[in-house]
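Notes to accompany the following structure.
The values are calculated or read from the model by the stated rules, or taken from the named source; none is laboratory data. These numbers were taken from a predicted model, which means no experiment stands behind them. Please note: Cβ atoms are built from the backbone with ideal geometry, for glycine as well, and neighbour counts cover all protein chains shown.
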Amino acid sequence: MKTPEERISPVLLYVDDDPEDRMLLADALQIVDPRYELVAVNDAAQAFHFLNHSRSPPPCLIILDLNLPGMDGIGIISKLRQDKISASIPIVVFTTSASPADQNACARHTVDMITKPISFSVLTETAKKLLSYCKES
Amino acid sequence: MTDSGYQHTNVSIQTPAFTGFIRFVQNQCLEEFVQNQLKHFSEFKLPFLQSVAVSVEAELQAYTKNVSIDFLQYLAVGDIQGYIQKSLSRWKRELIKIPGIHPVGLEDILGVTAIRKRSLSALLLKFTRDIDQLQMINEASDQVFLTINLAYTKAFEDSLRNNLYEKYLFQEEQKLKQTEELYKQAQALNKLGNWNWDIKSDNLYWSDELFRIYGLEPQSEKLTFERFVSFIHPGDRDERLEQLQNQLGHPGRSEYYFRINAADGKQKILYGQSEVLKDEQGIPARIVGTCQDVTKQKELEISLYQKTVQLEKSNESLQQFAFICSHDLKEPLRKISILGDRLSILIRDQLNEQSAALLSKITSASMRLHRMIDDVLSVSLISSDKNFAKQGLSALLDEVLQNIDLEPGQAKIEYNNLPQLLINRAQFKQLFQNLITNSIKFKKNETVPHIFIQQQNPTPDQVKRVGLDDTIKYTCIHYRDNGIGFESVYSEKIFGMFQRLHGQSGYEGTGIGLTICKRIVENHHGGIFAESEPGKGTSFFILVPAE
């Protein structure tokens with residue numbers, strides 16, 4: 001993982017408070033396509049800080065966990081959709097939750113929901129699928 | 001007994017000729033008179049004389065003589081009534097009081113009188129041969145004996161009537177006593193008393209049981225309204241008095257509950273019903289009512305309510321537990337499997353065969369645990385989904401088959417004319433999906449799974465077998481396949497959670513499929529059971545309430 005300032009390749013922004021999940025998705029992405037870079041942050045505050053202060057183009061995809069400290073995933077989606085610049089960035093929810101309430105909330109915001117897998121081989125498949133959401137710029 | 005009936009026959013028979021004849025018999029033919037009677041007695045064999053009065057001839061003779069002396073004595077002074085009274089009291093004393101002897105008694109009385117008359121007449125020619133005199137005596141004699149017979153008959157009839165009436169009264173009294181006794185028993189059994197309050201005189205009547213309800217000996221004191229009020233629990237007193245006041249203003253039946261502090265120190269809950277009765281002027285005169293001790297029932301009600309609340313709480317915590325399972329337990333488990341998986345990939349080259357196998361066992365075990373937790377969660381959520389709608393089963397099965405996505409020739413599934421039922425669509429789809437995938441999974445080698453689904457009317461035994469309420473009408477969906485089947489001893493076990501009849505290696509799955517089926521059917525207020533034999537396929541009977 002590189003710091004935001006050092007990056008040169010297309011970026012995916014991943015918001016998740018779980019350090020292992022952040023590490024695993026970065027590993028899986030590295031295996032699937034090393035050209036992409038995963039910027040993984042802990043919460044909404046860090047996510048918006050990155051979006052507002054990065055001098056480079058915006059990320060091609062934002063991946064959100066739902067249960068987060070502070071503002072939750074759905075809250076982040078609402079806020080992103082109100083912002084002119086970020087409104088056009090694709091969003092995918094990546095979570096352990098399979099509850100109907102969360103599914104409904106995602107459907108309301110027309111955001112796809114992917115369940116966190118329990119094996120690494122499935123996770124690499126998931127990484128491929130995530131890349132397919134990336135906005136080709 | 002009244003003697004008014006024969007007063008009119010008390011005509012004068014004091015004819016000198018008759019009196020003379022009687023005196024003649026008294027003085028000169030007494031013995032002959034007695035002998036005549038005895039002779040006739042033996043001829044006629046009167047029942048009473050034969051059976052009861054005297055068995056020895058000498059006694060009958062003495063008896064007849066005494067009666068004859070009496071008879072002649074009364075007639076000599078013209079006192080027929082006197083004779084009638086005396087003989088009646090003798091008959092009554094000796095005869096009529098004997099139960100069941102009445103028919104004999106009348107025959108006897110009239111028979112004896114006739115015999116006496118004949119025995120007397122036989123002596124007439126000894127007294128006179130004067131035609132005029134004979135005629136006068138005969139007339140008088142006829143009159144005397146007619147009077148006697150009429151009096152006897154009347155007296156007998158009266159006695160019979162009185163006797164019957166007494167019997168009737170006695171029977172009625174017994175009946176009344178029995179009814180009262182039953183009523184008292186019924187009141188005691190139901191702890192139900194009745195009362196009656198005369199407003200003006202403040203006369204308060206309580207039945208025995210009501211006294212007992214209030215902890216008092218039955219009818220042990222004279223009651224007043226004030227005394228009644230003193231028993232009412234202070235917390236309910238004002239309300240009860242207000243109810244009574246209202247009732248006087250708005251007559252009609254009223255119902256109420258109130259507490260009392262009974263005389264024996266117990267606090268009780270009573271249920272009462274009462275009604276105001278008005279007098280001719282339309283003014284409330286009395287209140288009548290019943291009162292039942294419902295303390296036990298109320299206590300049961302309260303404890304039932306508390307149990308229900310407890311049950312709801314425990315159900316709620318069970319749901320919470322399931323939720324915790326789904327999230328908090330699953331999260332670290334997911335880490336074990338995915339990190340284990342990642343580890344095995346990273347160090348694949350450094351592992352020998354044995355350690356690679358061990359690592360693979362760890363990840364597959366954690367994945368199996370993962371699936372089981374999911375299964376427990378889905379089972380626990382079944383009963384909370386009460387979303388029912390009318391749905392045709394055939395159309396639903398069409399959808400299920402589309403979802404299963406069978407390859408051509410993989411299985412043959414037949415159904416038609418299935419009913420419409422009030423069901424939860426998603427759950428019933430899962431029910432059939434589980435059954436069908438089971439049938440395919442447990443097919444016989446070298447055979448194509450063949451499944452028949454049809455509707456039946458359940459037999460009473462089937463309804464009983466799954467413990468359903470037999471007052472409700474059920475429909476039965478009979479599902480059968482031609483699979484490997486199982487021993488009938490396992491027909492209950494197969495529905496148990498994580499029960500597997502076949503080793504883990506042979507067939508996939510955690511063993512939750514039929515548990516889910518059972519919960520789904522139960523959530524529809526129905527029941528499911530299975531019948532099978534090894535090698536002969538399996539039948540599932542799904543009973544759900546008919547429309």
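Before moving on, here are some points about what is shown:
- Looking across segment B:346-360, the residues that are in a helix (DSSP H, G or I) and within 14 Å of another protein chain (Cβ to nearest Cβ) come down to B:L346, B:R348, B:L359, B:S360.
- Count of segment B:120-154 residues which are within 60 Å of the chain's Cα centre (by Cα) and hydroxyl-bearing (S, T, Y): 2
- Within segment B:362-372, considering residues that are surrounded by fewer than 16 Cβ atoms within 10 Å (Cβ to Cβ) and within 11 Å of chain A (Cβ to nearest Cβ), the one farthest from the chain's Cα centre (by Cα): B:S364
- Any hit, segment B:75-86, residues being modelled with pLDDT of 70 or more, of a type in the set (G, A, S) and in contact with a helix residue (DSSP H, G or I) (Cβ under 6 Å, 6 or more places away or on another chain): yes
- Identity of the residue in segment B:395-435, of a type outside the set (S, T, N, Q) and assigned to a strand (DSSP E or B), that ends up surrounded by the most Cβ atoms within 10 Å (Cβ to Cβ): B:I423
- Single condition B:N438 does not satisfy, out of (1) assigned to a helix (DSSP H, G or I); (2) over 30 Å from B:L318 (Cα atoms); (3) at pLDDT 90 or above: (2)
- Some residue of segment A:38-58 being buried (at least 18 other Cβ atoms within 10 Å of the Cβ) and touching a residue at least 40 places away in the same chain (Cβ under 8 Å): no
- Single condition B:V112 does not satisfy, out of (1) within 21 Å of B:Q37 (Cα to Cα); (2) surrounded by fewer than 16 Cβ atoms within 10 Å (Cβ to Cβ); (3) modelled with pLDDT of 75 or more: (2)
- Scanning segment B:229-244 for residues that are assigned to a helix (DSSP H, G or I) and surrounded by 10 or more Cβ atoms within 10 Å (Cβ to Cβ) returns B:V229, B:S230, B:F231, B:D236, B:R237, B:D238, B:E239, B:R240, B:L241, B:E242, B:Q243, B:L244.
- Options A:I91, A:I62, A:I76, A:I118: the member that is within 14 Å of chain B (Cβ to nearest Cβ) and surrounded by 20 or more Cβ atoms within 10 Å (Cβ to Cβ): A:I118
- The number of residues in segment A:88-137 being closer than 15 Å to A:Y36 by Cα, hydrophobic (A, V, I, L, M, F, W, C) and not in a helix (DSSP H, G or I) comes to 1.
- Output for segment B:245-268, where each listed residue is in a helix (DSSP H, G or I), touching a residue at least 24 places away in the same chain (Cβ under 8 Å) and of a type in the set (S, T, N, Q): B:Q247
- Restricting segment B:269-297 to residues that are surrounded by fewer than 18 Cβ atoms within 10 Å (Cβ to Cβ) and part of a loop (DSSP other than H, G, I, E, B), the residue that is farthest from the chain's Cα centre (by Cα) is B:Q281.
- Some residue of segment B:175-196 being aliphatic (A, V, I, L, M), touching a Ser or Thr at 6+ places or on another chain (Cβ under 9 Å) and not in a helix (DSSP H, G or I): yes
- Going through (1) out of contact with any Leu (no Cβ under 7 Å at 6 or more places or on another chain); (2) modelled with pLDDT under 90; (3) surrounded by 14 or more Cβ atoms within 10 Å (Cβ to Cβ) one by one, A:C134 falls short only on (1).
- Sole exception among (1) within 14 Å of chain A (Cβ to nearest Cβ); (2) over 53 Å from the mean Cα position of the chain (by Cα); (3) surrounded by 17 or more Cβ atoms within 10 Å (Cβ to Cβ); (4) not hydroxyl-bearing (S, T, Y) for B:D375, by number: (2)
- The set of residues from segment B:298-319 being polar (S, T, N, Q) and either loosely packed, with under 10 Cβ neighbours inside 10 Å or more than 14 Å from chain A (Cβ to nearest Cβ) (or both) comprises B:S303, B:Q306, B:T308, B:Q310, B:S314, B:N315, B:S317.
This table checks each residue for (1) farther than 30 Å from B:P284 by Cα; (2) in contact (Cβ under 8 Å) with a residue 24 or more places away in the chain.
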residue: B:K126; (1), (2): yes, yes
residue: B:T153; (1), (2): yes, yes
residue: B:E172; (1), (2): yes, no
residue: B:K177; (1), (2): yes, no
residue: B:E180; (1), (2): no, no
residue: B:Q185; (1), (2): yes, no
residue: B:N190; (1), (2): no, yes
residue: B:L210; (1), (2): no, yes
residue: B:I213; (1), (2): no, yes
